[in-house]
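S.K.: Could you have a look at this structure, given as structure tokens, before my questions?
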Amino acid sequence: MSSKQTTSIIIGAGQTGRGFIAPLLKKDEQQIIFIDKDKELIQTLSNKEQYKVRYFGNKLLPCTVKDYYAFLSTEDFAITAIAKADYIFTAVGEEQIKNIIPLIRKSLEVRKSMKIDSPLILVTCENGVNPKKALIEADLNKKMIITEGIVFCTTLSKNKNNLDLYAEDFDYIPYDVEASGKHFNLSGFKPISKFKNLIERKIFTYNCYSACISYIGDYIGYSNYAKAANDKDIDKLLHLLSKPVNQSIATHYKVPIKEQELFSEQAISKFKNKEIKDTIARNTRDVHRKLLPNERLIKPLSLMKQYKQSTNIIELIIAAALHFGSMNNQWTESIDGILKNTCKIDSVKEREKIIQKYHWFQKNLPVEVMINEENK
């Protein structure tokens, strides 16, 4: 490694880490080091020495990522690499952030012993409302700069036995400049103030709509995500859902309604893009997490109630998620128990409304019939 070259660690060598973050860093000629717990993946990265990222629609030439290093997270090499690095980017999933804390802590101890005075900067690049929370609770922010980025780009594996990936043509990651206290000298990272508002708007708009497409799409029988998004009934649900979502979010976050409506339209347009070969199965996983109080379904429901918007459609989507969980043996308690204990919906009346809609799915009612029931 060149002593003058800036080094960036990517913890999580999966689709986002390899297919989105790495090409952005490559533009700035960063020395890239992948760290992952998957031994087979690390061996493959080391043996292959390079891979390609192609772009949906083939409007851009493929990006070849090479001249990187790849270490298993349990190796001493990983600790030393992090200790010497300038930046760390995580792409492990919000719920997995807590698992990398021991690795970061050991690396910071080594960095201190090396007498490296420059601050180590960590950017979480996860799909979550507060992914850095576990790091802050571990007091790591006292020893390094910790901030967050938002990933809007969809990145997918060509196949599970191939390092090559497909990605959207999305050329930057917005990051929280107020938390970092500085502008990064990286062309692929865009400083954003009031970042918390943006990331929450993203989760409660993009991810909320994605839940509608994936859980209703699974119920109808789709396997291709874009085909589900273009289904006439799902399209109607998205249209009906977007109105209370946009009004609630615009009011709560004090953004112009036209700005939120455009944000919303961009999300739906992305999901309907048939060039993005995504799957329903990838988007329905981890249903329990998606039903937590501050997640993509329950928080928008709460905002709609707060700002006196119709909750009929969001309740239907929640019921679809509950049905998906039932059909895939995800629940260890009653539906009412999940709504009360997982979703934290205290009102018996509100739970009963969702349970009634859950039974529509259990009875295999057509989605069109459900929509008509909601619009009576």
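The values are calculated or read from the model by the stated rules, or taken from the named source; none is laboratory data. Keep in mind the model is a prediction, meaning the values are calculated, not measured. So basically every Cβ, Gly included, is an ideal-geometry build from the backbone, and we count neighbours across all protein chains shown. In case anyone asks, the SASA skips ligands and DNA or RNA and just uses the protein heavy atoms, side chains included. Shrake-Rupley method; radii C 1.70, N 1.55, O 1.52, S 1.80 Å.
S.K.: Might you let me know whether region 84-98 holds any residue that is farther than 20 Å from Q31 by Cα and over 25 Å from the mean Cα position of the chain (by Cα)?
M.R.: No; the residues of region 84-98 include none that is farther than 20 Å from Q31 by Cα and over 25 Å from the mean Cα position of the chain (by Cα).
S.K.: Name the residues in region 7-31 that are among the β-branched types (V, I, T) and under 21 Å from T154 (Cβ atoms), would you? Before you say what the answer is, go through the steps one by one.
M.R.: Within region 7-31, the subset among the β-branched types (V, I, T) is 7, 9-11, 16, 21.
Matches in region 7-31: I10, I11, T16, I21.
S.K.: Continuing with this model, one more query. I want to confirm something. Restricting to region 48-89 and keeping residues that are in contact (Cβ under 8 Å) with a residue 60 or more places away in the chain and of a type in the set (A, V, I, L, M, F, W, C), which single residue is nearest to E275 (Cα to Cα)?
M.R.: F56
S.K.: Also: Collect the residues in region 27-54 that are open to solvent by 30 Å² or more (accessible area, probe 1.4 Å), within 22 Å of the chain's Cα centre (by Cα) and within 16 Å of L165 (Cα to Cα), keeping them in residue-number order.
M.R.: L41, R54
S.K.: Any idea how many residues of region 119-132 are among the charged types (D, E, K, R) and more than 23 Å from Q15 (Cα to Cα)?
M.R.: 0
S.K.: Taking the residues in region 60-76 that are under 25 Å from A167 (Cβ atoms) and open to solvent by 40 Å² or more (accessible area, probe 1.4 Å) as candidates, determine which candidate is farthest from the chain's Cα centre (by Cα).
M.R.: D67
S.K.: Same structure, new question: Quick check: is even one residue across region 100-112 closer than 20 Å to Q15 by Cα and of a type in the set (S, T, Y)?
M.R.: Among the residues of region 100-112, not one is closer than 20 Å to Q15 by Cα and of a type in the set (S, T, Y), which makes the answer no.
S.K.: Select from region 341-366 the residues that are part of a helix (DSSP H, G or I) and under 25 Å from the mean Cα position of the chain (by Cα) and list them in ascending order.
M.R.: Those that are part of a helix (DSSP H, G or I) and under 25 Å from the mean Cα position of the chain (by Cα): N341, T342.
S.K.: Going through L108, L61, L122 one at a time, which residue ends up being at pLDDT 95 or above and either part of a helix (DSSP H, G or I) or within 21 Å of T155 (Cα to Cα) (or both)?
M.R.: On the way: L61 fails: at pLDDT 95 or above; L122 fails: either part of a helix (DSSP H, G or I) or within 21 Å of T155 (Cα to Cα) (or both).
When all the criteria are applied, what remains is L108.
S.K.: Moving on. So, in region 26-39, how many residues would count as being modelled with pLDDT of 95 or more and in a helix (DSSP H, G or I)?
M.R.: Residues flagged as modelled with pLDDT of 95 or more and in a helix (DSSP H, G or I) within region 26-39 amount to 1.
S.K.: Considering only residues that are surrounded by 18 or more Cβ atoms within 10 Å (Cβ to Cβ) and of a type in the set (G, A, S), which ones fall in region 1-26?
M.R.: Scanning region 1-26 gives S8, G12, A13, G14, G17, G19, A22.
S.K.: Let me ask something additional. Among F361, F324, which is the only one that is closer than 25 Å to G93 by Cα and out of contact with any Cys (no Cβ under 8 Å at 6 or more places or on another chain)? I'd like the intermediate steps shown before the answer.
M.R.: Working: F361 fails: closer than 25 Å to G93 by Cα.
Criteria check complete, one pass: F324.
S.K.: Do we have any residue at all in region 349-360 that's open to solvent by less than 20 Å² (accessible area, probe 1.4 Å), under 25 Å from E126 (Cβ atoms), in contact with a helix residue (DSSP H, G or I) (Cβ under 7 Å, 6 or more places away or on another chain) and touching a residue at least 12 places away in the same chain (Cβ under 8 Å)?
M.R.: no
S.K.: Would a scan of region 322-337 turn up a residue that is within 18 Å of K243 (Cα to Cα) and modelled with pLDDT of 95 or more?
M.R.: Checked against the condition, which is being within 18 Å of K243 (Cα to Cα) and modelled with pLDDT of 95 or more, region 322-337 yields no hits at all.
S.K.: Restricting attention to region 77-95, and to residues there that are assigned to a helix (DSSP H, G or I), modelled with pLDDT of 95 or more and open to solvent by 30 Å² or more (accessible area, probe 1.4 Å), which single residue is farthest from K37 (Cα to Cα)?
M.R.: Checked region 77-95; the qualifying residue farthest from K37 (Cα to Cα) is K84.
S.K.: May I ask you to verify whether I173 is within 21 Å of V255 (Cβ to Cβ) and under 13 Å from the mean Cα position of the chain (by Cα)?
M.R.: Against the criterion (within 21 Å of V255 (Cβ to Cβ) and under 13 Å from the mean Cα position of the chain (by Cα)), I173 qualifies.
S.K.: Next up: Within region 281-288, is even one residue touching a Ser or Thr at 6+ places or on another chain (Cβ under 8 Å), part of a helix (DSSP H, G or I) and open to solvent by 80 Å² or more (accessible area, probe 1.4 Å)?
M.R.: Taking every residue of region 281-288 in turn, at least one turns out to be touching a Ser or Thr at 6+ places or on another chain (Cβ under 8 Å), part of a helix (DSSP H, G or I) and open to solvent by 80 Å² or more (accessible area, probe 1.4 Å).
S.K.: Filter region 97-136 for residues that are touching a residue at least 60 places away in the same chain (Cβ under 8 Å) and open to solvent by less than 60 Å² (accessible area, probe 1.4 Å) and give the result.
M.R.: Residues satisfying the conditions are I100, L103, I121, V123, C125, G128, V129.
S.K.: Can I ask one more? Counting only residues that are in contact with a Pro (Cβ under 7 Å, 6 or more places away or on another chain) and β-branched (V, I, T), how many does region 85-132 have?
M.R.: Total satisfying the criteria: 2.
S.K.: Only helices (runs of 4 or more DSSP H) wholly contained in region 137-253 count here; list those with 2 or more residues that are open to solvent by less than 60 Å² (accessible area, probe 1.4 Å) and farther than 15 Å from K270 by Cα. Spell out the reasoning first.
M.R.: Details: elements: 177-180, 195-202, 208-220, 225-229, 232-253.
Those helices (runs of 4 or more DSSP H) span 177-180, 195-202, 208-220, 232-253.
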